[in-house]
Amino acid sequence: MQSGNKQGLEGLAYKLSYTFNDINILEHALIHRSFINEKMAQDIESNERFEFLGDAVLSAVISHLLIQRFPDADEGRLSKFRARLVNEITLAMLAVDMELGKYLLLGKGEEQTGGREKPSILSDAYEAVIAAVYFDGGFEKVFSLVAKQFSMLIDDVSAAELSRDYKTELQEKTQELFKVAPKYQLMSESGPEHNKMFEVEVVINGEKFGRGQGRTKKEAEQQAAMETLERLKKGDRQ
């Protein structure tokens, strides 16, 4: 590795807030296949295997973070949340934030067609960099890095989830399926005045569907509506 290139990689490592034990691992993560094809180099490997590993590591870390943030979410909802976070657009955006494109090793043809700005190349390179951190520092280090970089993005998912109006969605769905509006029945109310817990059940055409709990009746109704929507999607009832 040339000294100038090493300094550049150390600049990228600084943006990652991570110090590599072996900076060559980071360089490997930045080698696009077009660079190898053009150089006809048989002793250099592209970053594609790193991309493969980085995708798996990133999915594992994001899954862990989502389970922590949404302890009541089922597998289906968690998968949707993860898909909002781990996708080409989001990863390319994170790559742009750290100016990852300027560090890539590309062939001249790819360079001339704007390869440093292509979302597909940037998102793949981001995954490869995640793999590089994993190889160099282990799971704990890469977990810390991903948690930091995705913190605000997970906050956005959380805010969107809290603001979602499940009652309106359910009303539209029941009108479509049953031509009636859902009814919400208060099943129980417990706890002291300052810390009440309400349980509500959704009834449609006299048939019981989802239940929900919350600190307020409104929150319990939203939870019950959410569960009912999930049951309707699965064709399931109580």
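Taken together, the values in this text are just the output of simple stated rules run on the coordinates, not laboratory data. Since this is a predicted model, take the numbers as computed values, not measurements. FYI the Cβ positions are ideal-geometry reconstructions off the backbone, even for glycines, and counts take in every protein chain you see.
Within segment 88-169, the GluC sites (Glu not before Pro) that combine a DSSP coil assignment with at most 13 other C-beta atoms in a 10 angstrom radius are GLU99. Can you work out the PRE-style zone for GLU48? Point 7 Å along Cα to Cβ, and I want the residues of segment 103-130 with backbone N under 18 Å. Backbone N within reach: 105-111, 120-129. Take the Cα of GLU176, go 7 Å toward its beta carbon, and the backbone nitrogen atoms of segment 218-234 under 18 Å from that spot belong to 225-234.
Of the residues SER17, SER34, SER190, the one that moves most in a GNM of the chain with alpha-carbon contacts below 10 Å is SER190. Computed from the alpha carbon atoms alone, the convex hull of the chain holds 161 Å³ per residue.
Cα axis of helix 119-137 to longest principal axis of the chain: angle in degrees, 0 to 90, nearest 10? Approximately 80 degrees, to the nearest ten.
Summarising the strand pairing of the chain, around 95 percent of its internal DSSP beta bridges are antiparallel.
With θ taken as phi - 60° and the Karplus curve 6.51 cos²θ - 1.76 cosθ + 1.60 applied, the whole-hertz 3J(HN,Hα) list for segment 17-33 is 6, 9, 9, 6, 6, 10, 5, 5, 5, 5, 4, 4, 5, 10, 8, 7, 4 Hz, x standing for glycine and proline. Relative to the globular-protein estimate of 2.2 N^0.38 Å, the Cα radius of gyration of segment 171-238 stands at 1.14. Counting neighbouring Cβ atoms within 10 Å and putting the fewest first, the residues PHE143, PHE178, PHE209 line up as PHE178, PHE143, PHE209. Spacing of the modelled spin labels on GLU219 and GLU111, each 7 Å from Cα toward Cβ, amounts to 5.8 nm.
Between the beta carbons of ASN195 and ASN21, assuming R0 = 45 Å, the FRET efficiency works out to 0.35 to the nearest 0.05. At an R0 of 22 angstrom, the distance between the Cβ atoms of LYS183 and ASP72 translates into a FRET efficiency of 0.40. Per-residue ellipticity at 222 nm computed for the chain from its helices equals -20000 deg cm²/dmol, with DSSP H segments shorter than 4 residues left out and the rest contributing -39,500 (n - 2.57).
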